[in-house]
Amino acid sequence: MVDNKFLMRVLKKIALSEPSPIILEKIEQLAIKLGIDEKELMRLYIDMKNKLHKRKFAETEFSSRILLLPQCLRSRWCRAELTEFGYKCNGCNKCKIPEIKKYAEKIGYKVFVIPGGSIIEKIVKNFKPKAILGVACLKELVLGCIACEKAGIPAQGVVLLRDGCVETDVDWNKVKTAINLSSTPH
């Protein structure tokens, strides 16, 4: 019997060494056959895509990037208004969204607090970002990665620490680190 933790470490090491897409596909097929946890596979997928697109993302001007935050990070007492491009944060400070929004906008990002992945296509069509930073649960990030690849947009994803649909959480330091990814010193 193969130790799944050991196998995941090996697969992650191979996947993050930037193998060809064919090898990545074979790794995924092997992991599925061996019954590796779906969440672990999704996390590995996000890690691979982040590594694959990191350089292009970092080369993109902050003013050409968007930050997508899930509405589930909001407080249950949030009174933000839902608009055609997501929730319009009113800065009530009942959650950490206003702080990160202000931080990202100060360096040039457009920030959206979205109710779900379906609105992303509309945001991309209207705002034409050259790079996207998304914060979401694993499944939403995987879907977002696929959509960004189809659109030819380099993306980075930060996985929620606690998911669900209400008052989720994220490592805000990881979000800030991703926001600041750059190929030029500031």
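Among Ile46, Ile66, Ile119, which one shows the biggest mean-square fluctuation in a GNM of the chain, springs joining Cα atoms closer than 10 Å? With Cα springs under 10 Å in the chain, the top fluctuation among Ile46, Ile66, Ile119 is at Ile119. Using C-alpha pairs under 8 Å with a sequence gap of at least 6, the mean separation divided by the residue count of the stretch 98-186 gives a relative contact order of 23 percent.
The slack between Ser63 and Lys13, meaning 0.36 nm per residue of separation minus the straight C-alpha distance, is 14.6 nm.
For the chain, the dipole from Cβ point charges (+1 on Lys and Arg, -1 on Asp and Glu) about the Cα centre works out to 420 debye, to the nearest 20. This model, with +1 at the C-beta of Lys and Arg and -1 at the C-beta of Asp and Glu, gives the stretch 100-186 a dipole about its Cα centre of some 380 debye.
Based on the Stokes-Einstein relation at 10 °C and a viscosity of 1.306 mPa s, and on the Kirkwood radius from alpha carbon pairs, the chain is assigned a translational diffusion coefficient of 92 µm²/s. Quick check: the distance between the Cα centres of the stretch 122-143 and the stretch 52-68, to the nearest angstrom? If we compute the Cα centre of each part, the gap is 12 Å. Overall shape: oblate for the stretch 32-141, with the ratio a/c of the largest to smallest alpha carbon gyration tensor axis at 1.5 or above and b/c at least equal to a/b. Pairs spanning more than 23 Å between alpha-carbon atoms, out of Lys49/Lys176; Lys54/Lys96; Lys51/Lys102; Lys150/Lys176; Lys26/Lys174; Lys49/Lys128: Lys54/Lys96; Lys51/Lys102; Lys150/Lys176; Lys26/Lys174.
Restricting the GluC sites (Glu not before Pro) of the stretch 80-186 to loop positions (DSSP other than H, G, I, E, B) with no more than 13 neighbouring Cβ atoms within 10 Å leaves Glu84.
What is the sum of charges around Glu40, taking Lys and Arg as +1, Asp and Glu as -1, for the other residues whose C-beta is under 11 Å from the C-beta of Glu40? For residues surrounding Glu40, the net value is +2.
Restricting attention to the chain, close to 25% of DSSP beta bridges with both partner residues there are antiparallel. Charge tally for Tyr109 (other residues, Cβ to Cβ under 11 Å; Lys, Arg +1; Asp, Glu -1): +3.
Each reported figure results from applying straightforward, stated rules to the coordinates on display, with no laboratory input. All of these numbers come straight from a predicted model, not from anything done at the bench. Note that we place each Cβ from the backbone using ideal geometry, even for glycine, and neighbour counts take in every protein chain shown.
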